[in-house]
Amino acid sequence: MANELPTIDLSAYFASSSSISEARHVAQDMYTAASTWGFFVVTGTTVSPETQSSLVDSAKAFFDLTPEVKMALDVRSGGVAWRGYMPLGGEHTHGRTDWKEGLYVGPEHADDHPLAGAPLHGRNQFPDESLPGMRPAVLEYVRQVSELGKTLTDLFSLGLGLEEGELRRRLLEPEPVVLFRCFKYVPVKKEVAESGEGGDGKESFGIGKHTDFGYLTILKVDSPGLQVLSPSNAWVDVPVIENAFIINIGDMFDQLTSGRFRSRPHRVVRPAPDSPPRYSFPLFFDFAWNAEMQRLPLEHLAPLSEQDQAVARDRWAGTTFRDVGGTWSQYLARKVQKVFPHLKLPDFEPNAAPSTRFTRVVEAAAT
Ligand SMILES: O=C(O)CCC(=O)C(=O)O
Ligand SMILES: [Fe+2]
């Protein structure tokens, strides 16, 4: 297999969306990519270049605001909606600082939304006075990329030989949980590049090696730095292609496909000393809050080989999931338990441990 991430051009599919043969072709390429790399690049999407550049411009302007203005939007003051500014040092991977600052965003939920008050739902915190254009630019980007997520979901249905729209009905209705982040990665200082973070000789990362948790990540990047573990377990640089998106499979989708699709490790290398900062925009396109987590009925597909089954079991053993069952909200609530020490947890215990990635505690009242 070539040591290059698969790239899938969606332009012909979007130009002839009634053509089933074009859809089958794309669906097949996505199946192959998801079941080998667990990662692929899509080009030719319907997310407009203007929307993408407005997002990037707003995010750069946001991170250039003074620390006081950004801290006024601290994720801590956003309550259980868990939206707002995440300063440098607020996220870790395996106990080591991730060298980035971020803005956490989601689709705007009005107070009468059925899930208002539930974790990860609610209102955003934007710097409306300093940057009035940011709110509409970011929300429009989130809307368009979420539409892309729905289209990719339909193509996964087709590739997996399920009924038309089945994955969307099972996993995304009434609406997906969407967690969007703008990240700015700061360059390494010269002394640190030589000695490692804390002088212990260990490399410091923008984000350390990890897999993503849920369904699908739809990522936009402005510069290199992301590396993924190839099918032959070599670190491969993800190319930067204008207006393209990097798509990867999360741990739970790996489980739901019984290991046919792979959630694969990746990491972010810090910008070199004296180089410009790096900006990236992951949108975690997740299952609906109350979607039932059940393995998909895929008996019509050829069974996985003994070896692939063993590889899948190994991947799963590296995650916190104990079982597949219950609703998606139960996994999410457990994951963010460290962030919300006051949150009432469900009775069902789906993952063995909460995430240690987020170190910024939100002291919000239980709901
Ligand atoms: O910034 C990137 O390129 C990747 C971000 C990522 O892997 C994550 O947030 O989970
Ligand atoms: Fe990731």
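The values are calculated or read from the model by the stated rules, or taken from the named source; none is laboratory data. Because the structure is a prediction, the values reported are computed rather than measured. FYI the Cβ positions are ideal-geometry reconstructions off the backbone, even for glycines, and counts take in every protein chain you see. Just so you know, the surface numbers come from the protein's heavy atoms only, side chains and all, with ligands and any DNA or RNA stripped out. Shrake-Rupley method; radii C 1.70, N 1.55, O 1.52, S 1.80 Å.
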For 281-290, 112-121, ranked highest to lowest by mean beta-carbon neighbours within 10 Å, the order is 281-290, 112-121
Of every hundred units of 1.4 Å-probe accessible area on the chain, the number belonging to carbon and sulfur atoms, as a percent, is 51 percent
Cα-Cα longer than 25 Å, checked against LYS150/LYS209; LYS70/LYS150; LYS70/LYS209; LYS100/LYS220; LYS189/LYS338, kept in input order, equals LYS150/LYS209; LYS70/LYS150; LYS70/LYS209; LYS189/LYS338
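So what is the 222 nm mean residue ellipticity for the chain from helices alone, if each DSSP H run of at least 4 adds -39500 (n - 2.57) and you divide by all residues, rounding to the nearest 500 deg cm²/dmol? Provide the component values of the computation, followed by the final result.
Values: 9 runs with 98 residues, N = 367.
That calculation yields -8000 deg cm²/dmol at 222 nm.
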Checked against the positive end of the charge dipole of the chain (+1 on Cβ of Lys and Arg, -1 on Cβ of Asp and Glu, about the Cα centre), the farthest of VAL80, PRO6, ALA33 is VAL80
Along the dipole axis of region 222-344 (charges at Cβ: +1 for Lys and Arg, -1 for Asp and Glu; origin at the Cα centre), the most positive-end residue among THR319, PRO297, PRO224 is THR319
Simple SL model, points at 7 angstrom along Cα→Cβ for GLN309 and THR32; separation in nm is 2.6 nm
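Roughly how many debye, to the nearest 20, is the charge dipole of region 1-82 about its Cα centre, given +1 on each Lys and Arg Cβ, -1 on each Asp and Glu Cβ, and no other charges?
Numbers: 4 positive and 9 negative charges, 44 e Å.
Dipole of region 1-82, to the nearest 20 debye: 220 debye.
Cα gyration tensor of the chain, axes a ≥ b ≥ c as square roots of the eigenvalues: rounded (a/c below 1.5), prolate (a/b > b/c) or oblate?
Working: a/c = 1.31, a/b = 1.23, b/c = 1.07.
Rounded is the answer for the chain, as its axis ratio a/c remains below 1.5.
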In debye to the nearest 20, the charge dipole size for the chain, taken about the Cα centre with +1 at each Lys and Arg Cβ and -1 at each Asp and Glu Cβ, equals 740 debye
Here the gain from full extension of GLU292 to LYS190, 0.36 nm per residue of separation minus their alpha-carbon distance, amounts to 31.8 nm
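Which value, in debye to the nearest 20, describes the size of the charge dipole of region 239-313 about its Cα centre when Lys and Arg Cβ atoms bear +1, Asp and Glu Cβ atoms bear -1, and nothing else is charged? Before the final figure, lay out the partial values.
On the way: 8 positive and 9 negative charges, 49 e Å.
Magnitude of the dipole: close to 240 debye.
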Quick calc: nm separation of the 7 Å Cα→Cβ label points for GLU299 and ALA61 -> 5.7 nm
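Measuring with a 1.4 Å probe in the full set of protein chains, what accessible area per residue, in whole Å², belongs to the chain?
Values: 15760 Å² over 367 residues.
Accessible area per residue: 43 Å².
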Ranked by GNM mean-square fluctuation in the chain (Cα springs under 10 Å), the top entry among GLU173, GLU292, GLU68 is GLU68
Among LEU103, ALA118, PRO341, the residue whose Cα sits farthest towards the positive end of the charge dipole of the chain (+1 at Cβ of Lys and Arg, -1 at Cβ of Asp and Glu, taken about the Cα centre) is PRO341
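Rounded, prolate or oblate: which fits region 288-348, taking a ≥ b ≥ c as square roots of the Cα gyration tensor eigenvalues, rounded meaning a/c under 1.5, else prolate when a/b beats b/c? The partial results should precede the final answer.
Values: a/c = 4.08, a/b = 1.89, b/c = 2.15.
Oblate shape, in that a/c is at least 1.5 and b/c is the bigger or equal ratio.
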